[in-house]
Every structure is written in structure tokens, then in C-alpha cells.
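Here is the structure we will look at.
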Amino acid sequence: MELNAVTIGFVVFTIFTLGGGFGVVTTRNLFQGTIWLMLSLFGVAGYFVLLSAPFLAAVQVLVYIGAIAILITFAVMLTRSVTRIKARYVRLVPSFIGSLALFLVLLLGITIPIFGGQLPESAPEYVATTRELGAALVDENGYVVPFMLASVLLTAAMIGAIFIARDETT
Amino acid sequence: MAPLWMYLAVAAALFSLGVFGVLARRNAVAILMSVELMLNAVNINLVAFWRYSETGTDLLLNGYAFTAFVLIVAAAEAAVGLAIIITVYRNRRSVIPEQAVALKG
């Protein structure tokens, strides 16, 4: 792998993603945890750029960093008085062993096909653009039904969230 | 470009971090944040496989569109999950899932 902009970007985004993820699962202060989460999500958005999916990178920044991280920040602040829990973890050792075992199994599954030459080394030159994705989303031979279902799901989730979180005493 | 297995390795590490967070953290908000990490790991995998798959002359958008739908479902999940956490906190003054035992038989 030669040293170029893509390689440097990959290393930087790897540090962002995994460092942020590590911060999320280890930090004591949950407010700092949301900052780590934003860093991790930003790294994932960088991967999307490297994988020539700029639309997904933009959506990642808008929806995840712009909306979900802010929503989590609000939840942290609304449940503030009990976030000073002394113990961060429950079942620490079995969870650590379990997730480490899962990681090793996944890594084994990734590395074995490398030696058989079954994983592609380079991506094809031709790649679909955002314009083609937009056309496919409303194409009747494409994804118009899941697109409509997603709209219904978002509406239902919004109504459900309002209904669940509503304070019935007022 | 970086070979495919590097993306898969990063996604596997991120997913394992998320699994660890879901299993080990006590605070429900932290658990939800770990779930978001797992969803992002899956998204990296989907986009990477989509990018490296041989499409030939045919236009294949399945991975791209599927990732967009995963993002939508993740947004819905976060909204409803945080609403549930806030309601549980209001009723029980606790964000520890082990203490929300009202439905326990």
C-alpha cells in the first residue's frame, strides 16, 4: 500500500472511529461520551467518502452527528441527576471476554479468505453516483416501496416518541 | 485504495466495541450509544462490500440504498429508544436497565 492521500485518510479515520468508539464505552462522564460518539461517527463519514459514497457521508453528518448525537445529549442532560453512578460497568469481565472472542472470530473470518485470494484487492473503476441513487429510489423497478415504507416508519417513530415521552400529569 | 479486508477489520473492531458497551455499561443511554456504534460498523461493511463488488456494466445500487435505509431505521430507533429511557427515568428515577423490572414475572 503506497503512501498517498487515501492511505493517510484511512489511517486518520481509523483513529477517529476506533478511538471515539473506545471513548464511548470507557468514559465515565456520559456528556464526554457523546463527544466521543460524534468523533467516531465523523470517522465513519470519512470512510464513506473514501468508499465513494458522498451522499451517505453527508447524510451521516446531518442525521447522526446533527440529530442523533444532539438527541443523546438531551437525554443525558434530562437524566442528569443519576448519571453520577459510581460503577460504570456491570458484568465487566465476561462482557470483555465475550466481545474479545467475537472480535477474534470476526478477524479470523476476514483474514482466512485473504490467503485464498477470494477478497478483491482493488475496487472497480465504475461506481454509481448520487444521481443514479436518487433515480433508483423513486423508480418503480427500484426501491420505491421501501422508500415509502421508510417514510411511514419515520412518521410512526416520531408520533410514537412524542406519545411515549409525553408527560401525562400536565 | 485500501484493500477490502482493512475496512472489514475496522468494522469488526467497532462492532466488538459496541457489543462490549451493550453488555457491560450500566447506563441505558450509554447502551444506546453502543448500539449506534454497532449500527455504524454494519454500515461500513455494507458500503465496503457494495464498493468492491464486481458490477460489470450493470448498475447495482443495492448496498448503497440498503445503507440509506439502515440510517433511517437507526434514526427511528434512537428517537423511540431515548423517549423510552426518559419515560422510565421519570417514573422510576433510574436509567439502569436492571432496575426497570415492572414487567418482570
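Some points to look at:
- Dipole magnitude for the stretch B:4-99: computed about the Cα centre from +1 point charges on Lys and Arg Cβ and -1 point charges on Asp and Glu Cβ, it is near 580 debye.
- Taking a ≥ b ≥ c as the square roots of the eigenvalues of the Cα gyration tensor, the protein assembly as shown is classed as oblate, since a/c reaches at least 1.5 and a/b does not exceed b/c.
- Simple label model, 7 Å out from Cα along Cβ direction - A:T129 to A:A87, nm: 5.7
- Computed FRET value (nearest 0.05) for B:L103 with A:V144, which takes r as the C-beta separation and R₀ as 45 Å: 0.70
- The longest stretch of chain A left intact once loop-based trypsin sites (Lys or Arg not before Pro) with at most 13 other Cβ atoms within 10 Å are removed from consideration, loops following DSSP, is A:92-165.
- Three-way shape call for the stretch A:12-103 based on the alpha-carbon gyration tensor, with the a/c threshold at 1.5: oblate
- Placing dummy labels 7 Å off each Cα toward the beta-carbon, the span from A:L100 to A:V49 is 3.5 nm.
- For the stretch A:128-170, the gyration tensor built on C-alpha atoms gives a prolate shape. Its axis ratio a/c (a ≥ b ≥ c) is at least 1.5, and a/b is the larger of a/b and b/c.
- Between A:R80 and A:L154, the modelled label-to-label distance comes to 3.1 nm, taking each label 7 Å out from Cα in the direction of the beta carbon.
- Reported to the nearest whole Å, the Cα centre-to-centre distance from the stretch B:1-56 to the stretch A:1-46 is 12.
- Mean ellipticity per residue at 222 nm, deg cm²/dmol - from DSSP H runs of n ≥ 4 across chain A, formula -39500 (n - 2.57): -22000 deg cm²/dmol
- Applying 1/(1 + (r/R0)^6) with R0 = 45 Å to the Cβ-Cβ distance of A:N4 and B:R92 gives a FRET efficiency near 0.25.
- Amide N proximity, the stretch A:56-73 versus B:F69 label position 7 Å along Cα-to-Cβ, cut-off under 18 Å: A:56
- Of A:V127, A:V12, A:V144, the one that fluctuates the most in a GNM where chain A has Cα springs shorter than 10 Å: A:V144
Laboratory data are not the source of any read-out in this text; all were calculated from the coordinates shown. If you're wondering where the values come from, they're calculated on a predicted model, not measured in any experiment. When we count neighbours, we look across all protein chains shown, and the Cβ atoms used for this are built from the backbone with ideal geometry, even at glycine.
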